[in-house]
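Just so you know, all these numbers are worked out from the coordinates, no wet-lab data involved. Owing to the predicted nature of the structure, the values given are computational and were not obtained by experimental measurement. A quick note on method: Cβ atoms are made from the backbone with ideal geometry, for glycine too, and the neighbour counts reach across all protein chains shown.
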Amino acid sequence: MADDALRARIVRAVTEQPQPTVTVLSSLLAIEDELGWIPQEAIEEVASRQSVTQNDVWAVASFYPNFRFSPPGTHMVEVCWGPTCHLMGAQRLLERVHDALGLDGEGDTADGAVTLRYNTCLGACGQAPVVSADHHLLGRASAEAVDALVAGLRAAGRNGGHQR
Amino acid sequence: MTEPIKLTIDGVEVEAKPGQTVLQAAIDNNVYIPYLCYWPGMKPYGACRMCCVEVEGGRGTPASCTLPVANGMVVNTLGTEIRGLRESVLELLLSEHPHGCLTCHRIELCGPQDICLRHVRVMDRCVVCPKNERCELKDTVRYVNVNMESPLAYNYRNLQVETGDPFYDRDYNLCIVCARCVRVCEEMRGDDAIAMIERSGTVLVGTSQGISLLESGCEFCGACIDVCPVGALVERDHKWDKAVTTVKTTCTHCSVGCQVNLEVDRRGRVIRSIGDWESPVNTGQLCYMGKFGNEFVNSRNRLKTPMLRQHGELVEATWEQALEAIASRLPDYKDGAFSLFLTPRATNQQAYLAGKFARQVMGSNNVDLSVDHRLELVEPLGRRLGAAAATGTVAELESAGCVLVVNANVTEEHNVAAIPIKKAHKAGGKLIVIDTREVELSRYADLWLRPYPGSESALVGGMLRVILDEGLQDDTFITECSGGIDALRESLAGYGIDAVADATGVGADKIASAARAFAQAGSAGIVYALDNVAQDERAPVTDALVNLALATGNVGKPSSGLFPLRPGAASQGALDMGCSAGDDGLSAAQSLEAIAQGGVKAAMVLGDSALFTSEAVHALTHTDFFVVQAMFPSELTEAADVLLPMTSFAEEDGVVTSLDRWALRRRAAIDPVGESRPADSVLTQLARRLGAADFGGHPSEVLQGIREAVPAYAAATDDALDAGGVQIAWSMPERAELTPLPPMQARNGDAPFLFAPGRVLSLPVGEVEVVRSNGKNAIRREDALELHPDDASAMGVAPGDVIEVAANGHRIRGLARTTGPLRGVVSATVLFGELAIALDQSADDDPMLRVPGLHVMPVQVAKA
């Protein structure tokens, strides 16, 4: 059953945390790393393992914008809008990506193939402006390169992708 | 003794206790510092920033609720900077809170009859806030004198008011995010049914993913409502009503003895019940019954006049005629032919007079509370420890190193007694629950022992055996205060751990762990109700528990002892007052049998109770003469020869005794409804008509009689009772012997299947679904029945098959789960929310009188 497989992944993520102190937050981070999002089953699992209520877990999870509560798209596009990239024209790239994906801001495409996120620094300012697709960096990105990148991801559809 | 700390607040030198905060010191010394998030007894939080002060030589303007006092500190609460700061803080709070109630120019002009003209927006009107004029925010704005001349704009959150759950309305448009509700739920109740959700600009009170309170673990105690400073959280009943008086009295729904402030409106209705924060018994806490179960007082269906049966019909009569009719008939049924049933909500005065009336006036010992009040739970305590009552204070259990809860559904039936137990557990104390059923506390328990029903004494015997075998007993205590350890040890010969494990179905290692945790805790309390233990087994189990407490030295020291949880608010008081059948009389249940068989020919029922089922009423119709005093018409009152209207607890004066023997005042909050009278008045009038000239009288006169007749109550003086109550002293007798246990009974292998119902505050989300219908939340659940894998395979049942449990015409169907720990037991756990919905929507006049308990019963189990 798919549910059981999901739960097994959650349990593994929670129980195999390397650090000595396991908390609600560390468990949520481990699950986010494993699944890319926090399903209801994860809230239940963390609550029972940390002897707190689901409300307490939700209080922590909903505090951080880093956690997602719905599955991410198959592919992840991140556009850097840090100061350097901004100066080098990140805004134009962003608009281009919005148009290509049919989005107004961060979010998932309707077909679930691509998730767009803004990033404040991808750590490659020397290559600005930078865009990343499934954690692969594209430096000195031009509008055309971004178009091609997005078109490639859309063509791959729900195949491949960044999911672990 | 630590020295008090001296500091100066606004030029006045005050003393504070070490560890206090500046705000607490100010409150203790009658200096007002405005605050909105602090609440006495809860940890400082520092959310609202209203209580900021200046400290000479210090930096900035710290919040006084988080600032510890220090010697020589000079605090200024009134400086210009402080005032400006407070004004800004309030303006920020008001930037998200509708405040037409403060800015409308008609505030001084509107009278109670005026219809709101359109001076402010709809959501701003003072009349759309249920807390209008009892709002702490409004009071604070007025105190701080914020300039409201130019109306401040505010951001209306535009959230739907939550009205789907039982009992509460929640309007988070009015929330000021002080987190009092979240903190009281966590710190005082240990429930965490609500939490602060999201962050900064959007933070609000909520539940996990917005689920209903029905599934978030809420016990509907209403503590969050009582601490809410604004109109966000309110009781749905009488939401818009305003109180004119408040009377402190004692709750009548169980024997914990919670002190409750009843708010009364100008029409004489009890509109709200609020726990008393100064009470040593409940520290402001109530439960779903005490908070939301007092509406019966206001019911339109209350009986208002006496009725007499004439030509087969009940017709209205005067009190004079009714009392005369009773007085003329009763003398024919003196001695054993008369039985008296007293309401389980009686005062001590009523209980005292009932006992006296039956014995002295009617010459009958058949007098009892009309509830199975489980005398067997205290009889061994009276016999062995000097007083038939709890040996300690329930509230003290919060410091216990271990609490053993034996077959008691504390959260539902003695709710507030569960609070110190949960607190002890939170503070690191061990919680051991012995119960076949899944009850709320079994979820918190470090060790949950699920014995086969009826094997509780074997289980306790097994724990004793482990303690003695491992030398964990308290030898000093036994030498000094107790004895009989050799005889006890000898009697435990048959209680070898494997035999006990076999008889109880509880693993040997679990029994041993429980024994060690209890014996090594330092201080350990035993809370027991023995809900599912057969009547003749209750005393032996209690005896075994007394042995457990004595052997480990857990009697007569703080945070330890034995706490019998008996049904009926009057159970302890009635026992102390001699309102019980004793050896020569018939208990309530025995009286009903005797009536059915014709031995008892006349009966007087003072107050309805759950005892009066259809069968019991049918038995009562066999009497020659049958008097009922009740609040509401029912099957019972229909059958009466004489029917008298009864006052509710809110109309009575008297004293009640809690299970840990606090003698507490019951005070009349409203006038008697119609011509209703309290039971003590009826007994007094009747006795005087029957020739007992100086019988009874006013509750204060009767109390005087009680003080003389019952030595333990000599301390229950009017002054002591007015000061908040007096605990009847219990002291450890010089010696309390250990007694041998009876031989262990082996498990009867041919017993029928037993059904163990359970009820908890939250279940995994996958098992329940909350659906909305007609604006109300309802619970849809897939019933699951749990049984032992061996039983399942014997019946050919696989997990997921539909099975059916049947008893007495009732049937439950559910999906089989083969994870049960006990052979011969099938169990099912439901959500407390279902009970809350049923009580909220009940058509009964007095639904809390018959809250369905969790009864283990024999059933047939079959594959459907």
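Some observations on this one:
- Per-residue average of Cβ from other chains inside 10 Å of B:187-195: 3
- Point-charge dipole on Cβ atoms (K/R +1, D/E -1) for the stretch B:5-144, about Cα centre, debye to 20: 420
- Charge dipole (chain B, unit charges on Cβ, about Cα centre) - positive-most of B:375, B:549, B:559: B:559
- Computed E for residue B:327/residue B:493 - FRET, C-beta separation, R0 60 angstrom, nearest 0.05: 0.45
- The order of the peptides B:523-533, B:39-49 by mean Cβ neighbours within 10 Å, most packed first, is B:523-533, B:39-49.
- Packing-based ranking, highest mean first, of B:803-811, B:648-656, B:28-36 given that Cβ atoms within 10 Å are counted: B:648-656, B:28-36, B:803-811
- Mean partner shielding of peptide B:203-209, defined as the number of other chain Cβ atoms within 10 Å of each residue Cβ, is 5.
- Taken about its Cα centre, chain B carries a charge dipole of about 1520 debye when Lys and Arg each add +1 at the Cβ and Asp and Glu each add -1 at the Cβ.
- Euclidean distance of C-alpha centroids, the stretch B:301-364 and the stretch B:751-797, integer Å: 46
- For the stretch A:75-156, the relative contact order comes to 39 percent (Cα pairs under 8 Å, sequence separation of at least 6).
- Calculated [222 nm] ellipticity per residue, helices only, for the protein assembly as shown: -8500 deg cm²/dmol; basis is -39500 (n - 2.57) per DSSP H run with n ≥ 4, divided by all residues, nearest 500.
- Within a straight-line Cα-Cα reach of under 26 Å, residue B:422 can be paired with the following lysines, leaving aside sequence neighbours fewer than 8 residues apart in one chain: B:43, B:291, B:430, B:510, B:557.
- Taking the DSSP bridge list for the protein assembly as shown and keeping only pairs wholly inside it, about 55 percent are antiparallel.
- The stretch B:458-517 and the stretch B:839-857 have Cα centres separated by 39 Å.
- Normalised contact order of chain B, rounded percent, pairs of Cα under 8 Å and 6 or more residues apart: 13
- Relative contact order for the stretch B:122-250, counting Cα pairs under 8 Å that sit 6 or more residues apart, in percent: 30
- Inter-chain Cβ neighbour count for A:43-56, averaged per residue, equals 5 (cutoff 10 Å, partner chain atoms only).
- With a simple spin-label model that places each label point 7 Å from the Cα along the Cα-to-Cβ direction, the separation between residue B:710 and residue B:158 comes to 6.2 nm.
- Scattering profile of the stretch B:296-451 at q = 0.16, 0.18, 0.19 Å⁻¹ [log10 I(q)/I(0), Debye over alpha-carbon scatterers]: -1.03, -1.17, -1.24
- Convex hull of Cα atoms in chain B, direction-averaged projection (nm²): 40.1
- Each label point was placed 7 Å from the Cα along the Cα-to-Cβ direction; for residue B:751 and residue B:635 their separation is 2.9 nm.
- Cβ crowding within 10 Å averaged over residues, with B:678-689, B:437-448 ranked highest first: B:678-689, B:437-448
- Pair residue B:735, residue B:480: separation of 7 Å Cα→Cβ label points (nm): 1.7
- Of all DSSP beta bridges in chain B, antiparallel share, percent nearest 5: 55
- Degrees between helix B:699-709 axis and first principal axis of chain B (Cα, 0 to 90, nearest 10): 50
- Applying 1/(1 + (r/R0)^6) with R0 = 45 Å to the Cβ-Cβ distance of residue A:111 and residue B:776 gives a FRET efficiency near 0.70.
- Computed over the stretch B:5-144, the convex hull of the alpha-carbon atoms projects to a mean area of 9.7 nm².
- Distance between the stretch B:820-838 and the stretch B:55-89 - C-alpha centres, whole angstrom: 54
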